[in-house]
Amino acid sequence: FSLSLAGFIEEPERKYCFECASEEQCQEWVEALKRASYEFLRRSLIFYRNEIQKMTGKDPLEQYGISEEARFQLGAQQ
């Protein structure tokens, strides 16, 4: 399988090719790359932030001064 990094300023046409020994290994790589994506990590942060706030009644990001940042708001969807 391959990945194209279209849209990156530094290397707009860069393409990475991967080879796997099996279809199963290929699927494992694809799933790992999805889990490493910004959107997956953002949604995980929102989920766990919500869970912590339900348990403690406090915003866990407030101590870092980013509680008002829109992309980290509870239930935020993009």
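Here is how the numbers come out for the structure above:
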read-out	value
Positive-end residue of LEU41, ILE52, CYS26, charge dipole of the range 23-63 with Cβ unit charges	ILE52
Share of pairwise Cα separations in the range 23-63, more than 16 Å, in percent	51 percent
Local electrostatic count at LYS58 - Lys and Arg +1, Asp and Glu -1, tallied over other residues with Cβ under 14 Å	-1
Highest average packing first - 53-59, 41-47, 16-22, Cβ atoms within 10 Å	41-47, 53-59, 16-22
Net charge over other residues, Cβ less than 12 angstrom from the Cβ of SER37 (K, R count +1; D, E count -1)	+2
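Quick note: the coordinates plus some simple rules give every number you see, no bench work behind them. Small disclaimer: the values here were computed from a predicted structure and weren't measured. Here Cβ is always computed from backbone atoms with ideal geometry, including for glycine, and neighbour counts include all displayed protein chains.
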